[in-house]
Amino acid sequence: MNMPWLSVLMLVPLALGTLVAAWPRSGASGVRRIALVSHAVVLGLVVWVGVEFDVTTRALQFVERRSWVPTLGVEYHLGLDGLGLVSVLLAAAVPLLAAAVSDRVAAGRESLYYGLLLLLEAGLMGTFTALNFFHWFLFWELSLVPAYLLVRFFGGPGAGPAAFQFFVYTMVGSVALLMGFLALRVAGGTFDFIELARLGRSGQLAQGLGAALPRLGLGISGEALTRAVFLGVLLGFAVKVPIWPFHTWLPSTYTEAPAPVTMVLTGVMSKMGVYGLLRVALPIFPDQFRELQGPLLLLALATVIFPALAAMVQRDLKRVLAYSSINHLGYCLMGAFVLTPGATGADWVESAAAPALNGVLLQMLNHGLTAATLFAAVELFERRTGGVRRLDQFGGLRGVAPVFCGLMGISVFASLGLPGLNGFVGEFLIFRGVYAAAPWVAVMGTLGLLATAVFLLTLMQRLFYGELECPGSGFRDLDLGERILLGVPVGLMFVLGVYPDLVLRWTNPTVLGMAAGN
Amino acid sequence: MALTWTIWISMLGAVGVYLAGPGNPARCRWIALMASVAGCVATVVGTFQVGVNSELVTLVRVPWVKPLGIDFHLAADGVSVVLVLLTGLAAVAGILFSWNISVRANEFFALYLLLITGVYGVFLSFDLFQFFAFYELAIVPKYFLIAIWGSTRREYGAMKLALYSFIGSALVLVGVLAIYLASGTSSFDLVRLANSGLPPGVQTWAFPLVFVGFAILAGLWPFHTWAPTGHVAAPTAASMLLAGVVMKLGAYGALRVGMMVMPHGAALWAPVVATLATVGIVSAALVALVQQDFKFVIGYSSVSHMGFVLLGLASANPRGVSGAVLQMFSHGVIAGLLFGVVGRMVYDRTHTRELTLLEGLGLARALPFAAVTFTLAAVASMGLPGFSGFVAEMQVLTGAWQAFPVAALAAGVGVVLAVAFTLRVLQKAFLGPPTTVTPEDATPITLPEKCGALLLLGTSLVVGLYPKILLDWIDGGLGSPAFATMRKAFGWP
């Protein structure tokens, strides 16, 4: 294994994205073709990596490590485990699907649009494989800029303020993260996630912080400082996921962004937050998570329940799905927050931690797939209605567009967790783990499930049933290409729903290691 | 040694351009460009001649005014080398961005090169008297460049800048004389003065005089108000140099004379400096957030970013000071680029800097190259990783965490504000809704502008991705014998 596969994964979209962005305007359809091939190549590479991935070990694989800026503790350190593999898979698959449905959105400015999309993919790949804070942060931020520009340039009429809010909110979180990690570097002398996790577990970080920041005075102990740093780091991820009440940027951004861009925002970028929690925050701050578990679980519950209630009263199709995304990520948070690594023995790992964490990883993948498919359906919907999305203006579409309604209906059912489809397994595992660890949370969380079912079924009822209502020139059903576009991800929903082991065998070794806290 | 040549080349270039006469702007441009490129090449060659090490390399040393112990003494360590490199780059870029100057072109470029001469001289001087002489040499052309070729309220801007500079110089002069007399060395040699063991009592009151005197030029709050008005009034090339290198003269003087010679004074006054620096970072960013004039936004942004330099210096630990020097370089490159885009690419074509008017022009379509350049420059200026600003600010914040955690947190707020005002101006100036109105003069961006923009952007990107390229020099320089007393006083390893 001499080939630096993980670097290739990042460099291919980076190089091709730059190329596409600089492409002369004339060859519009050529640009689209190059972009699609590029995304397909990246997905192929990821699948190759997945095949080569050794499922018998929890060690980091495909590791690359080179010196970069030693004086600043900066290293080029890449590696992949089950968590990384799931994330990288999403980062390759969702942009491909998004690019495939982007022809309406990108019309006239192809090279800019597809170039930015490829650069965004490069940023995501870098984020999901880097193991040194400097390197990781570079890509964490790099992905934000193309995402911002995509929303700003290709979004709806309110895209300006929405994109501004999106960027600034995320940056507040990023700066909090940065300040936290600078403090950690002062205390621990390293930016390496693995090394920091080791120091965090042994309590040396708290000691180091206490010793390194003496002039703050005010009688603050190392523990309290560590907690403050933890909260800063948590804020960075909380905005990204988002965790209630840091979610307020999301509905307007997801709504104003063109649907294919929203696919990537919800399908992959929201997972950056969950990934960060699991890769960075949990391993480095196990004690702080344990201390704040109660309040954090309450926030996770709020993230599950309140957005689901908010989704019930939305009139805009995209806004409903935006709130639904927050709600689904709430389950990931529930699962992540019940983990208290190293807390208890093997028994606990088996009954609670392992199922919950496996569920979280599965839910990341499932939500990425389902939400991306739903927003792809929204794009196909908008193509037909000329951008009209108000739910009360539509009805009875099932009669005129049975295939569209069928495929979108399956996606909706996957989203609300119908057994046999992908969503069910992940949520089931999360609830199983959470119930074993904190039964009250699981019970309250089911309220969210209920609310989800209500608003999603209402959505379907409004759109698909009743008298035919459709402003404009009617609603034609999907053509062959569109059927394939929606059909493939819907097929995957069945595959993952019936045979989740496909993913679990990748994640399980990582999960067992993380749950055991080492 | 090639570094010495930077001064002579620029001086000869100034004379040559002046003699070319006012009738032929094209010839003036080319002479100026060749002189600045030759200077830039000399800096690069000289940099490698000095090498990465912890030496203070003497370039020239001849007695000048023997009775007073004044030498003509040029020398370089890693810190001066980095700033000389910045000067070389900024000088070339500035000329590329003033390719359209045609009124009294010979005088313009002569003053420009004279200013560059002074700047090179300051960064290479190790005799305090000579340091001061070059420092003044840099300020005088500045006044004329603004007063003659400037725009909005240029007499006011030029006069304000000159007055503030001279008040600063007066403070520095008093401090310098105090150091000279108290040291008892009968020498203006900076290294000898630094090692002479100045009595802490003298340092206590002489340090603030010298430090503030210099830091006025670095935009130290509350003495920063000359900066935005001066930047706005200045012609493009002059505002590029003003933000790009002249503000660094102040910061460099504060480090080289203030902290290096009087480390005990520096340690004593560090909390005050850190407080002023932090207030500057945050308040200038807040002011930038509500400006209606494009250039004022960039002007206040310079003050805010220079606050990081001062905060790094105040932290008085290796990471902080190293970060301060890197931030001098980084801000020089990025601010130069921002002023180049605003002044040359936008203002010279649209003849307005009002954000509300620019918003209606849809410049992203009319001037795509300018829009892409400004977007990348904005990303660099916000301190996003990948560009030099991030590495510099990261180091400064690391240093500040260790010395003044509260200041570090406040500066973190400043970073968020910088993101907000930069993004606001980017959206307003370039990403406005597409309209049918086109600017009066939407001529495509010319080749010299493109070269200048790529030179500065590329530099920022290379340093951002591989900061080792400069950090080795800076850290080596801070380990040079010149800083020995300072390292000992600050307790550096």
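Only helices (runs of 4 or more DSSP H) wholly contained in segment A:181-292 count here; list those with 2 or more residues that are closer than 30 Å to A:GLY160 by Cβ and away from chain B (no Cβ under 14 Å).
Qualifying helices (runs of 4 or more DSSP H): A:222-240, A:249-256, A:259-264, A:270-276.
Just to check your reading of the model, which residue among A:LEU78, A:LEU60 is surrounded by 19 or more Cβ atoms within 10 Å (Cβ to Cβ) and under 13 Å from A:PHE193 (Cβ atoms)?
The unique qualifying residue is A:LEU78.
Return yes or no: is B:THR443 part of a loop (DSSP other than H, G, I, E, B) and within 30 Å of B:SER98 (Cβ to Cβ)?
Answer is yes for this residue.
Go through segment B:238-257 residue by residue and tally those that are farther than 18 Å from B:ALA162 by Cβ and either in contact (Cβ under 8 Å) with a residue 60 or more places away in the chain or surrounded by fewer than 24 Cβ atoms within 10 Å (Cβ to Cβ) (or both).
8
Residue check: is A:ALA211 in contact (Cβ under 8 Å) with a residue 24 or more places away in the chain and crowded, with 20+ Cβ neighbours inside 10 Å?
Against the criterion (in contact (Cβ under 8 Å) with a residue 24 or more places away in the chain and crowded, with 20+ Cβ neighbours inside 10 Å), A:ALA211 does not qualify.
Between a residue in segment A:355-375 that is of a type in the set (Phe, Trp, Tyr) and any residue that is crowded, with 24+ Cβ neighbours inside 10 Å, which pairs come within a Cβ distance under 7 Å, given they are 6 or more apart or on different chains?
Cβ pairs passing all conditions: A:PHE375/A:ALA259; A:PHE375/A:THR262; A:PHE375/A:MET263; A:PHE375/A:THR266; A:PHE375/A:LEU321.
Filter segment B:164-191 down to residues that are more than 16 Å from B:HIS73 (Cα to Cα) and of a type in the set (Ser, Thr, Tyr) and give me whichever is farthest from the chain's Cα centre (by Cα).
The residue in question is B:THR185.
Listed here are the residues, each with its yes/no results for (1) buried (at least 24 other Cβ atoms within 10 Å of the Cβ); (2) in contact with a Cys (Cβ under 6 Å, 6 or more places away or on another chain); (3) within 18 Å of B:LEU255 (Cβ to Cβ).
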position: B:GLY168; (1), (2), (3): yes, no, yes
position: B:SER186; (1), (2), (3): no, no, no
position: B:TRP205; (1), (2), (3): no, no, no
position: B:LEU220; (1), (2), (3): yes, no, yes
position: B:ALA227; (1), (2), (3): yes, no, no
position: B:GLY230; (1), (2), (3): yes, no, no
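A:ASP392 - would you say it is closer than 16 Å to A:MET514 by Cα and part of a helix (DSSP H, G or I)?
no
For segment B:277-305, enumerate the residues that are within 23 Å of B:PRO235 (Cβ to Cβ) and not in a helix (DSSP H, G or I).
Once the filter is applied, which keeps residues that are within 23 Å of B:PRO235 (Cβ to Cβ) and not in a helix (DSSP H, G or I), segment B:277-305 yields B:GLN291, B:GLN292, B:ASP293.
Taking into account only those residues within segment A:438-467 that are within 18 Å of A:VAL403 (Cα to Cα) and in contact with a helix residue (DSSP H, G or I) (Cβ under 6 Å, 6 or more places away or on another chain), which is surrounded by the most Cβ atoms within 10 Å (Cβ to Cβ)?
By that ranking, first place goes to A:LEU463.
Given the conditions (1) farther than 19 Å from A:VAL360 by Cα; (2) at pLDDT 90 or above, and given that A:PHE475 satisfies all but one, which numbered condition is not satisfied?
Every listed condition holds for A:PHE475 apart from (2).
For B:LEU470, indicate whether it is crowded, with 19+ Cβ neighbours inside 10 Å, within 13 Å of chain A (Cβ to nearest Cβ) and part of a helix (DSSP H, G or I).
Yes; evaluated as a whole, the condition is true for this residue.
What's the number of the only condition in (1) in a helix (DSSP H, G or I); (2) of a type outside the set (Lys, Arg); (3) in contact with a helix residue (DSSP H, G or I) (Cβ under 7 Å, 6 or more places away or on another chain) that B:VAL52 fails to meet?
Evaluating B:VAL52 over (1) in a helix (DSSP H, G or I); (2) of a type outside the set (Lys, Arg); (3) in contact with a helix residue (DSSP H, G or I) (Cβ under 7 Å, 6 or more places away or on another chain) leaves (1) as the failure.
Look through segment A:65-81, keep the residues that are assigned to a strand (DSSP E or B) and within 19 Å of A:TYR275 (Cβ to Cβ), and return whichever of them is farthest from the other protein chains (Cβ to nearest Cβ).
Result: A:LEU80.
Go through the residues of segment B:272-286 one by one and say whether even a single one is β-branched (Val, Ile, Thr), surrounded by 24 or more Cβ atoms within 10 Å (Cβ to Cβ) and more than 29 Å from B:GLY88 (Cβ to Cβ).
yes
Would segment A:31-39 turn up any residue that is surrounded by 14 or more Cβ atoms within 10 Å (Cβ to Cβ) and over 17 Å from A:ALA100 (Cβ atoms)?
Within segment A:31-39, none of the residues are surrounded by 14 or more Cβ atoms within 10 Å (Cβ to Cβ) and over 17 Å from A:ALA100 (Cβ atoms).
Residue by residue through segment B:457-467, note down the ones that are buried (at least 20 other Cβ atoms within 10 Å of the Cβ), in contact with a Gly (Cβ under 8 Å, 6 or more places away or on another chain) and more than 10 Å from every other protein chain (Cβ to nearest Cβ).
Within segment B:457-467, B:SER460 is the sole residue that qualifies.
Pick out, from segment B:323-409, the helices (runs of 4 or more DSSP H) lying fully within it that include 3 or more residues that are within 13 Å of another protein chain (Cβ to nearest Cβ), surrounded by 21 or more Cβ atoms within 10 Å (Cβ to Cβ) and within 23 Å of the chain's Cα centre (by Cα).
Fully inside segment B:323-409 and qualifying: B:368-381, B:388-403.
If you check every pair at least six apart or on different chains, which have Cβ atoms under 8 Å apart with a residue in segment A:120-139 that is more than 10 Å from every other protein chain (Cβ to nearest Cβ) first and a residue that is outside any helix (DSSP H, G or I) and of a type in the set (Val, Ile, Thr) second?
So the pair list comes out as A:ASN132/A:VAL74.
Can you say whether A:GLY158 is more than 9 Å from every other protein chain (Cβ to nearest Cβ), farther than 24 Å from A:TRP68 by Cβ, at pLDDT below 90 and surrounded by fewer than 24 Cβ atoms within 10 Å (Cβ to Cβ), as far as the supplied structure shows?
Here the answer is yes, as A:GLY158 does meet what is asked.
Return a yes/no flag: does segment B:242-255 have any residue that is out of contact with any Cys (no Cβ under 7 Å at 6 or more places or on another chain), over 30 Å from B:THR152 (Cα atoms) and not small (Gly, Ala, Ser).
Checking segment B:242-255: at least one residue is out of contact with any Cys (no Cβ under 7 Å at 6 or more places or on another chain), over 30 Å from B:THR152 (Cα atoms) and not small (Gly, Ala, Ser).
Scan segment A:4-31 and report the pairs whose first residue is modelled with pLDDT of 80 or more and whose second residue is assigned to a loop (DSSP other than H, G, I, E, B) and buried (at least 16 other Cβ atoms within 10 Å of the Cβ), with Cβ atoms within less than 6 Å and a gap of 6+ or a chain change.
A:VAL31/A:TRP23
Considering only segment B:184-236, how many residues are closer than 19 Å to B:VAL282 by Cα, in contact with a Gly (Cβ under 6 Å, 6 or more places away or on another chain), among the aliphatic types (A, V, I, L, M) and part of a loop (DSSP other than H, G, I, E, B)?
Residues in segment B:184-236 being closer than 19 Å to B:VAL282 by Cα, in contact with a Gly (Cβ under 6 Å, 6 or more places away or on another chain), among the aliphatic types (A, V, I, L, M) and part of a loop (DSSP other than H, G, I, E, B): 3 in total.
Which of (1) in contact (Cβ under 8 Å) with a residue 40 or more places away in the chain; (2) in a strand (DSSP E or B) is the odd one out, the single condition B:ARG61 does not satisfy?
The number of the failed condition is (1).
Could you please give the count of residues in segment B:18-37 that are in a helix (DSSP H, G or I) and either in contact with a Pro (Cβ under 8 Å, 6 or more places away or on another chain) or surrounded by 18 or more Cβ atoms within 10 Å (Cβ to Cβ) (or both)?
Of the residues in that region, 9 qualify.
Checking the condition buried (at least 24 other Cβ atoms within 10 Å of the Cβ), farther than 22 Å from A:VAL88 by Cβ, within 15 Å of the chain's Cα centre (by Cα) and modelled with pLDDT of 90 or more, which residue from A:GLY368, A:GLY330 passes?
On inspection, the qualifying residue turns out to be A:GLY330.
Any idea how many residues of segment A:338-354 are outside any helix (DSSP H, G or I), at pLDDT below 75 and buried (at least 21 other Cβ atoms within 10 Å of the Cβ)?
Number satisfying all stated conditions: 1.
The values are calculated or read from the model by the stated rules, or taken from the named source; none is laboratory data. These figures come from a predicted structure and were not determined experimentally. No Cβ is skipped: glycine too gets one built from the backbone with ideal geometry, and neighbour counts run over all protein chains shown.
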